[in-house]
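Encoded as structure tokens, the structure appears first; notes follow it.
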Amino acid sequence: MRQGIIYGLFIALILLVGCSGEEEGQEKDAKDNKPREEEQPEKTEPVEETFENVYPLTGIGTNEDVNNRIVSVMINNHTKARPQTGLSKADIVFEILAEGRITRFLAMFQSELPDVVGPVRSAREYYFDLANRYNALYVYHGAAGFIDNMIVNRGIEFLNGAQYDNDGHLFKRESFRQAPHNSYLLTDAVYEVAEQKGYDTTNTYDALPFLDDDEMANISGNDANHVEIVYSDNPMEIVEFDYDQDNEAYTRFNDREKTIELETEVPIQVENIFIIEAHHQVIDDQGRRAINLEDGGNAYLVQQGKVQQLQWENQDGQIIATKDGQPVGFVPGQTWVNVVPSSPGIDESVTITNE
């Protein structure tokens, strides 16, 4: 009898332990099957990218060395020279009248140097003076004898395509156009040939004034979605810029046609349009001009869909915008500088609208 009681208690104990284990297992299963709260990633503030250097003509940051010398190239803008090659890579383009009512470009390259630039055209005094002020190599193709003499006598560091005409190394004549609209600079040889002439191919530059992010977010001025600059309406020599809001840049047009790269048909777009008024004077029977790019004057600065009416100054050789004597910054990126005659004046030559 006693043995039966003990045996019964033993069986009860085993059952009790089993039930307890089953309950714990059920509780564990319930915990394991309970939906877990999703882990939220830690919120981190965006880190502003920093750069060791900045390109002085564009204000764009880089970790590359920025000590290559600026290469400035005279580029033809005759209707028979369009579309041109290389303009989309220029940091700054100066557009100024040559003879008659046709403009010509001085394109400055530093942050990028395309393989080919052109068509390259002849020199003028105010162009090589600009290049010299920016301490740039001056590249052109041909000039009147007295201009060549000026360049040499003033110590301008230059590469003249007339001395390397169609050598296939520095310059090449293309068959799809007729001279003088077919001479192209092969840029791979620029620094090599410059060194052979004893020129420096490296240089450090002070950066132009540029806006920071906060300043760009607060650009003032009237709306400016379309810019028209009339150098001549007969024959037509009209420059236009249309604002591309998606890219925050202006697309250039010449004589109602979009300005594009010859090979790729990429449109020419710039972040800044800087229109300055300067005194022009015809100095000979060939229609050559003297243009005063020293004394400053009225200006429009167009950027990010806004236009400001300002002044321009030549400070240590750089053409910059000012307001009440203080520099006004450019938006980082490329700049197109249009120089218009003081007669009839900037207000008569330029129309800026919100259309």
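Of the strands (runs of 3 or more DSSP E) contained entirely in the stretch 41-158, those carrying at least 1 residues that are at pLDDT 95 or above, out of contact with any helix residue (DSSP H, G or I) (no Cβ under 8 Å at 6 or more places or on another chain) and at negative phi fall at 71-75, 92-97, 103-109. Taken residue by residue, the stretch 218-234 has no member that is crowded, with 17+ Cβ neighbours inside 10 Å, among the hydroxyl-bearing types (Ser, Thr, Tyr) and within 25 Å of Pro114 (Cα to Cα). Looking at Asp295, is it out of contact with any Cys (no Cβ under 8 Å at 6 or more places or on another chain), over 22 Å from Asp213 (Cβ atoms) and without any contact (Cβ under 8 Å) to a residue 12 or more places away in the chain? Answer is no for this residue. Once the stretch 281-309 is narrowed to residues that are modelled with pLDDT under 95 and surrounded by 15 or more Cβ atoms within 10 Å (Cβ to Cβ), the residue that is farthest from Glu355 (Cα to Cα) is Arg288.
The residues of the stretch 243-266 that are in a strand (DSSP E or B) and surrounded by 17 or more Cβ atoms within 10 Å (Cβ to Cβ), listed by number, are Tyr243, Ala249, Tyr250, Thr251, Arg252, Phe253, Asn254, Ile260.
Here's the yes/no breakdown for (1) touching a residue at least 40 places away in the same chain (Cβ under 8 Å); (2) β-branched (Val, Ile, Thr):
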residue: Thr259; (1), (2): yes, yes
residue: Leu262; (1), (2): yes, no
residue: Glu277; (1), (2): yes, no
residue: Val282; (1), (2): no, yes
residue: Ala290; (1), (2): yes, no
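Filtered by the rule that a residue be closer than 25 Å to Thr79 by Cα and in contact (Cβ under 8 Å) with a residue 24 or more places away in the chain, the stretch 125-143 gives Glu125, Tyr126, Tyr127, Phe128, Leu130, Ala131, Tyr138, Val139, Tyr140, His141, Gly142. Considering only the stretch 126-155, state which residues are of a type in the set (Gly, Ala, Ser) and within 28 Å of Leu208 (Cβ to Cβ). Across the stretch 126-155, the qualifying residues are Ala131, Ala136, Gly155.
The values are calculated or read from the model by the stated rules, or taken from the named source; none is laboratory data. Everything numeric here is computed off the predicted structure, so don't read it as measured data. Ideal geometry is used to build each Cβ from the backbone, glycine not excepted, and the neighbour counts take in all protein chains shown.
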